[in-house]
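J.: Just dropping this structure here.
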Amino acid sequence: MQASERKPGRIRKAPENFLEPSFLQTLRKEGMNQGRRDFLRKAFLAATAAMGAPALAAAAEGDPDILNLPEWSKILGNPVAMRPYGMPSKYEANLVRRESPGLASVPQASVAFTPLQGMFGIITPSGLHFERHHQGWVDIDPARHRLMLNGLVKRPRVYTMDDLLRLPSVSRIHWLECGANGAMEWGNVAVPTVQYTHGMLSGSEFTGVLLSTLLDDAGFDREKAKYLLAEGADGSSMTRTIDIDRALDDAMVAYGMNGEMLRPENGYPLRLVVPGVQGVSWVKWLRRLEVGDQPYATKDEASHYVDLMPDGMMRQYTSIHEAKSVITSPSGGQLLMDKGYFNVTGLAWTGRGSIRKVDVSFDGGRNWRTARLENPILPKALTRFNIDWVWDGSPAILQSRAVDSTGYVQPTYTQLRAVRGSRSVYHNNAIQSWSIADSGEVSNVHV
């Protein structure tokens, strides 16, 4: 495409090997204050002036899609419920979960990353929710599935799915992030797109029974109970220790996600939801909960999911995710079509409270502007942020920095590595940088 053919304020899809979608960010008219109206008006006037009136007229006259009715406006459409379960448009076929080749020795223990670059709002469609398994996923007959609650309780229980569906339920919006999200970025820039840097992250509405309800039903020992063991029914028998205070706060056993039953790859028919905590503790295909008085030090928390420190020691049970954010558009692998206005957008989240502020820099962290946080802003839920930007065609480095309700500020890589070193795997919450070249190409860099 020649420069004269480019349209201002567009993001073009990535090269074929990146498989990134192309989409135009639309402008919201509601709620814009006068200052922002002035900003947008000046940006669009500048872009229009650059094209010139003759060019605009020629473009309209030479575009058959605007001057003539397309064929789909002249025919009868498809019948209602032709597809009993709705599917995305065929034109969105590139927006899918993707694996990273060679990430695991067997596909059953691999990862499928969410395409954050094509997401809107804070809810991830169930079909695009990231996957991380240790022994592959299973599709369990709910009529045969059972949940046992034992240990330091007066009345050990075994629940069927019908039993759980009869109990008082809650629905809450939370994010779920793998502890290893961003693992390849600890030592160097390894991956090109936001799907691979941050794609082990999804946001959903979960429905189920609060853990506190089940613990009360079993009469747990409030004096001795300190921890909870959660065990899954998959081939790896995933088991994790959960602090009893966290279990009594907002954790739940969930059977629903985004208005329907869980998908098999997300733990159908029952999974644990522990808001703010790394995904491995959200045990899928949940079959047993045991109340105890000390950490269980299972195989998946004694040597795995531990933080390697600079002195060679390993920290255990560091499961909470600190405040984090990422710009999803423009992001690595995308291409800015031309100079002009862009809506820069991204996501912020924290395992402690809620997001209070997100700052965005366009010059690699030298100067910062405060972004708009879009409602709803919920505890331990993704928060969408947006900010206006007019690109003048010169190189730029885009960054976002989250601040949560505790006052915690997302660190730079220099700050994070000063404490954690560069040989770790888990809990990378450093500021992500996207470099924009004068050609408009966006790439992943460390600043």
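J.: Can you tell me which residues in segment 358-388 are hydrophobic (A, V, I, L, M, F, W, C), closer than 20 Å to VAL194 by Cβ and surrounded by fewer than 18 Cβ atoms within 10 Å (Cβ to Cβ)? Step through it out loud before you land on a result.
T.: Of segment 358-388, the ones hydrophobic (A, V, I, L, M, F, W, C) are 358, 360, 362, 368, 371, 373, 377-378, 381-382, 385, 387.
Pick out the ones that are also closer than 20 Å to VAL194 by Cβ and you get 358, 360, 362, 371, 373, 381-382, 385, 387.
Of everything in segment 358-388, just one residue is hydrophobic (A, V, I, L, M, F, W, C), closer than 20 Å to VAL194 by Cβ and surrounded by fewer than 18 Cβ atoms within 10 Å (Cβ to Cβ), namely LEU373.
J.: From (1) surrounded by 15 or more Cβ atoms within 10 Å (Cβ to Cβ); (2) at pLDDT below 90; (3) of a type in the set (Lys, Arg), pick out the condition that doesn't hold for ARG83.
T.: (1)
J.: Then there's this: Residue under question is LEU165, and the condition is that it be at pLDDT 95 or above, in a helix (DSSP H, G or I) and among the aliphatic types (A, V, I, L, M); does it hold?
T.: Working: at pLDDT 95 or above: yes; in a helix (DSSP H, G or I): yes; among the aliphatic types (A, V, I, L, M): yes.
So LEU165 fits the description; yes.
J.: Residues ASP216, ASP234: which one is under 20 Å from VAL273 (Cβ atoms), free of Cβ contacts under 8 Å to residues at least 24 places away in the same chain and of a type in the set (Asp, Glu)?
T.: Numbers: ASP234 fails: free of Cβ contacts under 8 Å to residues at least 24 places away in the same chain.
Exactly one residue qualifies, and that residue is ASP216.
J.: When segment 139-162 is examined, which residues are found to be open to solvent by 50 Å² or more (accessible area, probe 1.4 Å) and part of a loop (DSSP other than H, G, I, E, B)?
T.: Within segment 139-162, ASP139, ASP141, ALA143, ARG144, LEU152, LYS154, ARG155, PRO156 meet the criteria.
J.: Open to solvent by 60 Å² or more (accessible area, probe 1.4 Å), modelled with pLDDT of 95 or more and β-branched (Val, Ile, Thr): which single residue out of VAL419, VAL409 fits that description? Quick ask: steps written out before the conclusion?
T.: Working: VAL419 fails: modelled with pLDDT of 95 or more.
Checking each option against the conditions leaves just VAL409.
J.: Also, I was wondering about something else. Given (1) open to solvent by less than 10 Å² (accessible area, probe 1.4 Å); (2) out of contact with any Asp or Glu (no Cβ under 8 Å at 6 or more places or on another chain), where does PHE130 come up short, assuming only one miss?
T.: (1)
J.: Let me ask something else about it. Kindly check whether there is at least one residue in segment 251-273 that is closer than 30 Å to GLY421 by Cα and of a type outside the set (A, V, I, L, M, F, W, C). Don't jump to the end; show me each part of the working.
T.: At the first step, the residues of segment 251-273 found to be closer than 30 Å to GLY421 by Cα are none.
So far as segment 251-273 goes, no, none of its residues is closer than 30 Å to GLY421 by Cα and of a type outside the set (A, V, I, L, M, F, W, C).
J.: Shifting gears a bit: Answer yes or no as to whether VAL280 is in contact (Cβ under 8 Å) with a residue 60 or more places away in the chain and open to solvent by 10 Å² or more (accessible area, probe 1.4 Å).
T.: Yes: the conditions hold for VAL280.
J.: Got a sec? Which helices (runs of 4 or more DSSP H) wholly within segment 182-272 have at least 2 residues that are surrounded by fewer than 23 Cβ atoms within 10 Å (Cβ to Cβ), among the charged types (D, E, K, R) and out of contact with any Pro (no Cβ under 8 Å at 6 or more places or on another chain)?
T.: On the way: elements: 194-198, 211-218, 244-249.
Result: 211-218, 244-249.
J.: Got a sec? Which of GLY333, GLY346, GLY351, GLY312 is under 30 Å from ARG263 (Cβ atoms) and either open to solvent by 40 Å² or more (accessible area, probe 1.4 Å) or out of contact with any Lys or Arg (no Cβ under 8 Å at 6 or more places or on another chain) (or both)? I'd like the intermediate steps shown before the answer.
T.: Working: GLY346 fails: either open to solvent by 40 Å² or more (accessible area, probe 1.4 Å) or out of contact with any Lys or Arg (no Cβ under 8 Å at 6 or more places or on another chain) (or both); GLY351 fails: either open to solvent by 40 Å² or more (accessible area, probe 1.4 Å) or out of contact with any Lys or Arg (no Cβ under 8 Å at 6 or more places or on another chain) (or both); GLY312 fails: under 30 Å from ARG263 (Cβ atoms).
None of the other options fit; the residue is GLY333.
J.: In addition: Specify which of the listed residues (GLN135, GLN108) is surrounded by 14 or more Cβ atoms within 10 Å (Cβ to Cβ), in contact with an Asp or Glu (Cβ under 6 Å, 6 or more places away or on another chain) and over 16 Å from THR328 (Cα atoms).
T.: Working: GLN108 fails: in contact with an Asp or Glu (Cβ under 6 Å, 6 or more places away or on another chain).
After ruling out the rest, the residue left standing is GLN135.
J.: Okay, next question. Filter segment 341-357 down to the residues that are assigned to a strand (DSSP E or B), under 16 Å from HIS198 (Cα atoms) and among the β-branched types (Val, Ile, Thr) and list them by number.
T.: Restricting attention to segment 341-357, the residues satisfying the condition of being assigned to a strand (DSSP E or B) are 341-349, 355-357.
Remaining after also requiring under 16 Å from HIS198 (Cα atoms): 345-349.
Matches in segment 341-357: THR345 only.
J.: Out of (1) under 17 Å from the mean Cα position of the chain (by Cα); (2) closer than 17 Å to PRO275 by Cα; (3) in contact (Cβ under 8 Å) with a residue 40 or more places away in the chain, what's the single condition that is false for TYR317?
T.: The single condition TYR317 does not satisfy is (1).
The values are calculated or read from the model by the stated rules, or taken from the named source; none is laboratory data. Since we're looking at a predicted model, the values are computed, not measured. Here Cβ is always computed from backbone atoms with ideal geometry, including for glycine, and neighbour counts include all displayed protein chains. The accessibility values were calculated without ligands, DNA or RNA, using every heavy atom of the protein model including side chains. Shrake-Rupley method; radii C 1.70, N 1.55, O 1.52, S 1.80 Å.
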